[in-house]
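Chemist: Structure provided below as structure tokens; questions to follow.
No lab work stands behind these numbers, since they all come straight from the coordinates. Every value quoted in this text rests on a predicted model; they were computed, and no experiment measured them. For neighbour counting, all protein chains shown are included, and Cβ atoms are generated from backbone atoms with ideal geometry for every residue, glycine included.
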Amino acid sequence: MELAPITRIIEAALLAAQRPLALVQLAELFADEPAVTNDTLAQAIAALQEACTQRGVELVEVASGWRYQVRADVQPWVARLWAERQVKYTRATLETLALIAYRQPITRGEIEQVRGVAVNTNTIKTLEEREWIRVVGHRDVPGKPALYGTTRGFLDYFGLKSLDQLPPLAEIGEIPDLDPELPFETAPTVAIIELGADAETGEPGDGDDADPASMQPAATQLTASPPAAAQPESTQSTSHTHPSARDDAPEHAHD
């Protein structure tokens, strides 16, 4: 099979899919074409990326695979297609998320030690229901407290391929003194966090003393139909740590 039809098939599959597609999933499309190798797929992807150079969309690789998404410079206009109210998160929720992202695996008690205040149960619940964090194991100490880590959904939402793409802490200051706007910046997309009432409860959270800023995903994924809810990742109650988000993602991507 020549490169041109392979490229068209991959483009159609990415537009029709309701989620990013990994290279292995794209390869399955050509299971009956032994001549189509990973190198061939890489050439097709490169051609599709080149074709997007002057367009309002781009083809990028995130933790879960490849996807088309709206470019950051046109996203404010595209976002007007959706009338939903922007979700607001408290400073406490964002600081908790940052601690988990940078210091995972971490327990709720360890988060409280760093922040100096108790972590509201709704804070953890909000992040779990948003599918940004999950239990990755349990600390081998009395009480077996849960260890939290980030998910592929967290990486995908913020347009990251791996945790290595998070900005260095030196760029955002010490975690207890995080600015209201966490600069989850990854070229060419930027995520800006909005602070305010808890997304789930509508109540002020612990440490909620920051001014609001808008919350936007790193990019809007293009799909043929509204994306389906991601399936929750399974967890187990054990006395040891499961492989963390840094261990099981493809090509050094972190779950």
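Chemist: Taking the Cα centre of segment 3-72 as origin, sum charge times position over the Cβ atoms of Lys and Arg (+1) and Asp and Glu (-1), and report the length of that vector in debye to the nearest 20.
Modeler: 340
Chemist: Give, to the nearest whole percent, the P(r) tail of segment 52-129 beyond 15 angstrom, counting all Cα pairs.
Modeler: 69
Chemist: How many nm separate the modelled label positions at ALA16 and GLN43, each set 7 Å beyond the Cα in the direction of the Cβ?
Modeler: That separation, rounded to one decimal, is 2.4 nm.
Chemist: For labels at VAL141 and VAL74 in the simple 7 Å Cα→Cβ model, what's the distance in nm?
Modeler: 5.1
Chemist: Looking only at Cα atoms, what is the convex hull volume of segment 3-72 per residue, in Å³?
Modeler: It is 83 Å³ per residue.
Chemist: Treating cross-link reach as a plain straight distance, find the lysines whose alpha-carbon is under 27 Å from the alpha-carbon of LYS161, omitting any fewer than eight places away in the same chain.
Modeler: Filter leaves LYS88, LYS125.
Chemist: Something else: Going by Cα centres, segment 20-90 and segment 107-143 are how many Å apart?
Modeler: When both Cα centres are located, 32 Å separates them.
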